[in-house]
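Asker: My structure is below; once you've seen it, I'll send some questions.
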Amino acid sequence: MITPMRVFVLIFNARTENEGIHTIREGDRNKILMFESEDDATRFALMLEAQDFPAPTPEPIDAEEIKEFCESAGYEWEIIPENSNLVVTPPELNVEQTDWQANAQKEDTVEDTFPLNQQPLEEPEFSDSELEKMRRKLEGLL
């Protein structure tokens, strides 16, 4: 029996009703990166965060399960091999509003995230200005 291959994908708001998966837009198609190595997925997530992107969580998932998800959603996928010479870096342009944010209108950019589930989104608990104030206070503590 062949053991299922475990890969790591980047999830935003992991294990919540509002989770989304990280994709990269190539033309009019979206691609999910599947990392063989958790360390590589973590490095990519840190590079996203350094570009002021929301912090994603590397989550293990069966490769066949994510491939089925990609096929059903019309996404492409790419496996990033462990210890390969392939250096993966995020695109410089990010979507300002994502599909998993309420009432989002997309910017014409390269990178995006899409919901893993299709449940209705709840109203945010805090306004953008309140979140910005909290972020500044937290950064001041560092």
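No value in this document is a laboratory result; all are computed from the given coordinates. No experiment lies behind these values; they were computed from the predicted model shown. Cβ placement follows ideal geometry from the backbone for every residue including glycine, while neighbour counts extend to all protein chains displayed.
Asker: Which trypsin sites (Lys or Arg not before Pro) in the range 8-86 sit in a loop by DSSP (not H, G, I, E or B) and have at most 16 other Cβ atoms within 10 Å of their own Cβ?
Answerer: 15
Asker: Then there's this: I want to verify the translational diffusion coefficient of the range 1-82 in µm²/s; compute it with Stokes-Einstein, Rh as the Kirkwood radius over Cα pairs, at 25 °C and 0.890 mPa s.
Answerer: In µm²/s, the coefficient rounds to 188.
Asker: Amide H neighbours of residue 76 under 5 Å, at least 5 residues apart or on other chains, H built in the peptide plane: list them.
Answerer: 30, 31, 32
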